[in-house]
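Here is the structure we will look at.
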């Protein structure tokens with residue numbers, strides 16, 4: 001069968017766990033292509049190390065399906081051993097609460113993540129201003145919070161809706177609650193943490209995201225220009241002649 005990214009998002013069940021309850025969704029970037037490339041890169045490096053040790057080369061095969069199958073391990077194991085795959089919940093987490101997006105009074109969507117009982121207690125005390133709510137029998141443990149997610153999310157949503165982004169950020173920082181703003185691509189383009197590098201092309205320089213790895217403190221390494229069509233053809237043919 002022909003292999004394209006969105007087809008594999010559907011084939012591997014990724015689309016089934018992506019999106020909102022109304023229906024499956026596509027991940028907005030080509031994750032199946034990227035996963036296969038990552039595993040091919042990993043396998044090549046392992047083969048080079050092995051060749052250095054033994055002198056033996058390796059034949060490597062990587063498919064888009066196998067790459068995404070590895071990424072789908074957690075939903076797959078949920079189904080195989082618990083009998084039910086994680087449900088589509090948008091920006092919420094299927095098994096942790098509160099871990100979802102909430103809209104502020106000035107229209108900013110903030111995602112918060114409560115990962116343990118200490119964080120939950122700090123959130124109740126320093127954000128909600130209700131220290132005793134942390135031990136409420138319906139919400140004292142993550143299991144109870146997930147079970148009563150609808151009522152809990154409604155309470156948190158009402159709190160956010162009455163305050164601005166600036167007010168919520170101040171409270172969340174005071175409580176050491178993990179959070180992130182649900183940015184648009186336009187907002188991401190201006191993000192203070194976004195590192196960029198300039199790459200020359202035939203039609204002018206392009207500012208790309210910098211390579212993720214920071215090696216020896218170099219945050220924006222110099223990258224070579226995009227080759228012109230056929231620029232290296234002669235050298236490649238000579239290499240394999």
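Each reported figure results from applying straightforward, stated rules to the coordinates on display, with no laboratory input. Quick caveat: nothing in here was measured; it's all calculated off a predicted structure. Please note: Cβ atoms are built from the backbone with ideal geometry, for glycine as well, and neighbour counts cover all protein chains shown.
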Per its Cα gyration tensor (rounded if a/c is under 1.5, else prolate when a/b beats b/c, else oblate), region 195-241 is best filed as oblate
Is the C-alpha gyration tensor of region 5-82 telling us rounded, prolate or oblate? Criteria: a/c under 1.5 is rounded; beyond that, a/b larger than b/c is prolate, otherwise oblate. prolate
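Test of understanding: what is the full-extension gain from residue 2 to residue 65, defined as 0.36 nm times their sequence separation minus their Cα-Cα distance? Kindly include the intermediate steps, with their values, before the conclusion.
Values: separation 63, 0.36 × 63 = 22.68 nm, distance 1.13 nm.
In short, 21.6 nm is gained.
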Max mean-square fluctuation residue, GNM over the chain, Cα-Cα springs under 10 Å, options 28, 217, 67: 217
If you average the C-alpha positions of region 53-95 and of region 151-181 separately, how far apart do those two centres end up, in angstrom? 33 Å
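Find how much the distance from residue 79 to residue 187 grows on full extension, using 0.36 nm per residue of separation minus their present alpha carbon separation; answer in nm with one decimal. Can you show the working numbers first?
On the way: separation 108, 0.36 × 108 = 38.88 nm, distance 3.67 nm.
Length gained, residue 79 through residue 187: 35.2 nm.
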Based on the mean of other beta carbon atoms within 10 Å per residue, what is the order of 180-188, 34-42, most packed first? 34-42, 180-188
Region 35-182: Rg/Rh from Cα coordinates, Kirkwood Rh? 1.18
